[in-house]
There are 2 protein chains.
Amino acid sequence: MDILHKVGITKSSPEKVYQALTTGEGLRGWWTQDTQGEFKVGGMILFRFKLKDGEGAIDMKVIELQSAKRVVWQVAGGPEDWIGTKIIWELRQEEGWTIVLFKHEGWKEAVEFMAHCSSKWATFILSLKALLETGKGSPNPNDFKLDSWE
Amino acid sequence: MDILHKVGITKSSPEKVYQALTTGEGLRGWWTQDTQGEFKVGGMILFRFKLKDGEGAIDMKVIELQSAKRVVWQVAGGPEDWIGTKIIWELRQEEGWTIVLFKHEGWKEAVEFMAHCSSKWATFILSLKALLETGKGSPNPNDFKLDSWE
């Protein structure tokens, strides 16, 4: 089972969105301010999130990088339901818009946490869109809170 | 294939969220201002949306109503991919939060339009959350635009 999202970004380009997905500065601008690691294929990126009662951690292995086209990460560390799943980003230009196709692939069960993550991904993808369109995203800890435990 | 979302709403109750899902006044406050129909089981609700180049139409048959707990609609008219799919809302109270579980069930294929609808549902569910928490949602035509053709 997969989580899917799609947004169009205006005043941008696949190259610029690709930068926001594949560099520390970019990722820190929309997902989480605490992002470190190796951003090349085979490298590991460590994402850390401030939550109400502690810290969340996601470690992503970079599986594939196609400049301005496609980025694939595999989850190496994080919530149990996430381990082994893949995050796939596809970018293309369409009539002045950069189309971002997102897939979080390989969920074993449609648990409530999958529903939460689907909504939460939406808010982070809107943060990515805002970063590109306005220069200002809402990365954790300034992310939009959807639930009591965040 | 299903679209899933989950949000928590504060300063509300399952009863109030249920009102926003089962009355004309409620639905006009977060989904689309042009909402008419019969809101009882077996009735049809007609949702109309202003788009950049015309109008969108979704007709929902009300299948199930469990006060403050569960609402099920079946799509009778609308985009081809939507016909026959179901929209299922489940509500519960949890430590001062009203939990909203959403499922758009029965997509035949993981088409790009499904990815768009997943993101778009997220923005409307955030609109529902805002309506309950602040008194003001963002129903169409004031909805958050995600793509060039909206």
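Would you grab the residues whose amide H sits under 5 Å from the one on A:Asp34? Only those 5+ places off in sequence or on another chain, please, with H modelled 1.01 Å from N.
Close amide H contacts, sequence-distant or interchain: A:Arg48.
Among B:Ser13, B:Gly137, B:Ile99, which residue has its Cα furthest toward the positive end of the charge dipole of chain B, with +1 on Lys/Arg Cβ and -1 on Asp/Glu Cβ?
Toward the positive end, the furthest listed residue is B:Ser13.
Report, in deg cm²/dmol and to the nearest 500, the calculated mean residue ellipticity at 222 nm for chain B, where each DSSP H run with n ≥ 4 adds -39500 (n - 2.57) and the sum is divided by the residue count.
Values: 3 runs with 37 residues, N = 150.
Per the formula, -7500 deg cm²/dmol.
To the nearest 10 degrees, how steeply does helix B:112-134 sit against the main Cα axis of chain B, on a 0 to 90 scale?
30 degrees
Using θ = phi - 60° and the Karplus relation 6.51 cos²θ - 1.76 cosθ + 1.60, list the HN-Hα couplings for the stretch A:82-98 in order, rounded to whole Hz, with x at every Gly or Pro.
So the J values, rounded to whole Hz, are 8, 4, x, 6, 10, 10, 10, 10, 10, 10, 7, 9, 8, 6, x, 10, 9.
Using 7 Å Cα-to-Cβ label points, what is the B:Val41/B:Lys69 separation (nm, one decimal)?
It is 1.1 nm.
Between rounded, prolate and oblate, where does chain B land on the alpha carbon gyration tensor, with a ≥ b ≥ c its root eigenvalues, rounded for a/c under 1.5, else prolate if a/b exceeds b/c?
It is rounded, given that a/c, with a ≥ b ≥ c, falls under 1.5.
Each label point is 7 Å from the Cα along the Cα-to-Cβ direction; what then is the distance between the points at A:Lys108 and A:Trp149, in nm?
Computed distance between label sites A:Lys108 and A:Trp149 equals 1.8 nm.
With a cut-off of 8 Å between alpha carbons and a minimum separation of six or more residues, what is the relative contact order of chain A in percent? Show your work: numbers first, answer last.
Numbers: 318 pairs, mean separation 45.7, N = 150.
Reported as a whole number, the value is 30 percent.
Where Rh is the Kirkwood radius over the Cα pairs of the protein assembly as shown, the temperature 4 °C and the viscosity 1.567 mPa s, what D in µm²/s does Stokes-Einstein return?
For the chosen part, D equals 65 µm²/s.
What is the ratio of the Cα radius of gyration of the stretch B:51-91 to 2.2 N^0.38 Å, where N is its residue count, to two decimals?
Compactness ratio reported: 1.37.
Under a point spin-label approximation (7 Å from Cα along Cα-to-Cβ), what is the A:Ser13-B:Lys16 distance to one decimal in nm?
Placing both labels 7 Å along Cα→Cβ, they lie 4.8 nm apart.
Here, each number is a calculation from the coordinates, and none is a lab measurement. Please read all numbers here as calculations on a predicted model, not as lab measurements. Reconstructed Cβ throughout: ideal geometry from the backbone, glycine too, with neighbour counts over all protein chains shown.
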